[in-house]
Amino acid sequence: MPVLKTTVETKNRIFVYRTKCFYYNPALSKRSRGIRIKGTGEGKRERNRRAAYLKRKHEFYENFNMGDYWITLTYKNWVEPKEADKILSGVLSKMQKRLKRKNIPFVWYKTTEAGDTMRAHHHLLIRNTSPEIVSMIVAYWQEYGKIKDITEINNMENGKLVQYFLDGGNHKNLNYKTFGHSRNLRQPKIKKRIYPHDSFRENPRVPKPRDGYRYEIVPGSLYNGFPDLDGFTYQEYELRRVAIRE
């Protein structure tokens, strides 16, 4: 059984996924996809949720870094979660138009949360391309509520970034949680390659040093097991670059 290796290279991190499985290449198939007869099963829904979470994680490490803005927005009065999403989208759209005229890039990711005992509120991650962005969002949001928090990200490994965006959304009892982002996100480089089955190692080798950097596996990121109902041997881990000091 061959091993499918998927490497996702971002600005801040390299993610590696290995699966020992039967690999299907859609490019080699001449048959069109048939009409869906059965609904999506729970196993497939879980895999879809995990794929969406990983995509979000890859985009974060590609587009944001330390020094970028972390902002929390709340409302003066109770607002329906879907209506809150529309309000924030309108504010971000106005900011986008103004910043575009000033030739200031506006890159953002948002999440809207609400629960039975929790009012709708937003968390924003915005690339720090200009101090004017903060003053602009302060001016626009006064009509709707308060800005509870404006800080700069000082740790990409834990804290608010992980808690609200990178933990899969399991840190609170929520009945509403959505994500959204600007259209100008950079997408990471994704490489897929098939290896012989004997290349699967429980303790993977890191790439050789190059361009003044060495590579190391992020502690706690190595996983060997069976994450879904497919039953295929699976492995994932994260690599980070460390500058070589002479």
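Read-outs: derived from the displayed coordinates by stated rules, not from any lab. All values reported here derive from a predicted model rather than from experimental measurement. Please note: Cβ atoms are built from the backbone with ideal geometry, for glycine as well, and neighbour counts cover all protein chains shown.
Take every Cα pair under 8 Å in the stretch 43-123 that's 6+ residues apart, average their separations, divide by the length, and report that relative contact order as a whole percent. Don't jump to the answer; show the numbers that get you there.
On the way: 44 pairs, mean separation 28.6, N = 81.
Value for the stretch 43-123: 35 percent.
Straight-distance candidates among the lysines for linking to Lys82, with alpha-carbon spacing under 28 Å and chain neighbours fewer than 8 residues away dropped: Lys44, Lys55, Lys57, Lys94, Lys97, Lys100, Lys110, Lys146, Lys148, Lys160, Lys172, Lys177.
Mind ordering 183-190, 8-15 by average Cβ neighbours within 10 Å, highest first? Let's see the in-between values first.
Details: 183-190: 12.5, 8-15: 18.2.
In decreasing order of mean packing, 183-190, 8-15 become 8-15, 183-190.
Each Lys or Arg adds one and each Asp or Glu subtracts one; over the other residues with Cβ under 9 Å from the Cβ of Asn128, this totals -1.
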